[in-house]
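Heads up, the thing below is written out as structure tokens.
The values are calculated or read from the model by the stated rules, or taken from the named source; none is laboratory data. All values reported here derive from a predicted model rather than from experimental measurement. With ideal geometry, Cβ positions are generated from the backbone for all residues, glycine too; neighbour counts draw on all protein chains shown.
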Amino acid sequence: MNIKEIEKLLEKYEEGETTLQEEQYLKGFFNGTDIPENLQSYRTIFSYYSRTKKEHISDPEFERKSDRRLTGTPVTRINFKKQFTYIFSFAASILIVIGLFFTFRQDTMEKDLPQPVTSDPAYAMAEVEDALLSVSVNLNIGLSQLQRFETIGEALKSIQKFSKFYQYQSMIINQDLQPITPLNQ
Amino acid sequence: MDLQDFQKKIYPLRNKLFRFAKRFVERTEEAEDVVQEVFIKLWNRREKLDEYMSVEALAMITTKNICLDKIKVRRFPVDSLDDQRSFIETIPGETKADDSDLIYSIRQAIRSLPERQQTIIHLRDIEEYEYREIAEMMNMNENAIRVNLSRARKRIREILTNTKVYEYQRN
């Protein structure tokens, strides 16, 4: 094919009228040598297209990655070190939860107040009276024990009589001991 | 469609989908992620895939939609210099130093086109789809595809010729 025909084909090409075969032919022609100076820009264009078509995915793992994604198996595996930290943090958080549980349980026990048994005031009054009565009965029992102290007191009175006697006696002795007493004189 | 069927029918599309995604998202890694997402979406619809006229067209449309969603939520544009370097590195075969400038300028020329024209150029001149297939993917009629393609091709050559003239005058 001579240059004239190539130029005709290029014209067709720029009008968007060429077939794929004709375009293949042009690409082949401009990939070769001996290209006239006025057609050099076409050489650049066609070689750019041919080269770009060779561009491809460079990741050698690409297909395997796709397989894994499509079948739903996880792509990345957790390594052992990471697993270790996961287990530890899990255990630690459980310990914290247990700890919090016990602290708060103790708190609620201390705060535990008696719940009202009834809402009937008459019943409540009777209960209170009953309770007070039993307190007073028991108090009386306790007080009866104190009557023993009264007998002690009585005993102490007779001792007091005795002490009066002692008082007089000592007065007398004291008088005797006085070196000069008006009575003796 | 079971996994084996899926691997046989869909997996071979991965490089096409990757290049198409890269046209939008620009970064290699992100484009690979997009392809994974496309696979998952298609896999979730595996029972209905046979109902479509062309699974390949569906895959390409899905790719484009995911990419456009990603670009929409982007906060910062991709650094084009960084992208240029990574682009040249991923191209297999020999890359001459003086070629990389030309590759860069043609990429810039394509990028200056309206998005629809960029997509059509990619589908036709790089992936070599038939007009019928492109029409299906773009949801346009064949004639409109040809018109857009023609405009895009002329514009790219114009831009390239102008940059060369400019460089010639400067030297």
Would you be able to say whether some residue in region A:18-33 is part of a loop (DSSP other than H, G, I, E, B) and among the acidic types (Asp, Glu)? no
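Output the residues belonging to region A:116-130 that are part of a helix (DSSP H, G or I) and either acidic (Asp, Glu) or surrounded by 10 or more Cβ atoms within 10 Å (Cβ to Cβ) (or both).
Let us first name the residues in region A:116-130 that are part of a helix (DSSP H, G or I), namely A:121-130.
Correct list: A:Tyr123, A:Ala124, A:Met125, A:Ala126, A:Glu127, A:Val128, A:Glu129, A:Asp130.
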Just for region B:1-20: of the residues that are facing chain A (nearest Cβ under 10 Å) and not basic (Lys, Arg), which one is surrounded by the most Cβ atoms within 10 Å (Cβ to Cβ)? B:Leu17
Residue by residue through region B:39-52, note down the ones that are in contact (Cβ under 8 Å) with a residue 24 or more places away in the chain and either facing chain A (nearest Cβ under 10 Å) or hydroxyl-bearing (Ser, Thr, Tyr) (or both). B:Phe39, B:Leu42, B:Trp43, B:Arg46
Would you please name the residue that is farthest from the other protein chains (Cβ to nearest Cβ), looking only at residues in region A:44-67 that are touching a Ser or Thr at 6+ places or on another chain (Cβ under 9 Å) and not in a loop (DSSP other than H, G, I, E, B)? A:Asp67
Which of the residues that make up region A:4-43 are facing another protein chain (nearest Cβ under 9 Å) and at positive phi? A:Gly16
Considering residues that are within 17 Å of A:Ile45 (Cβ to Cβ) and surrounded by fewer than 15 Cβ atoms within 10 Å (Cβ to Cβ), the number found within region A:13-29 is 5
Out of curiosity, is B:Glu56 out of contact with any Phe, Trp or Tyr (no Cβ under 7 Å at 6 or more places or on another chain), acidic (Asp, Glu), at pLDDT below 95 and assigned to a helix (DSSP H, G or I)? yes
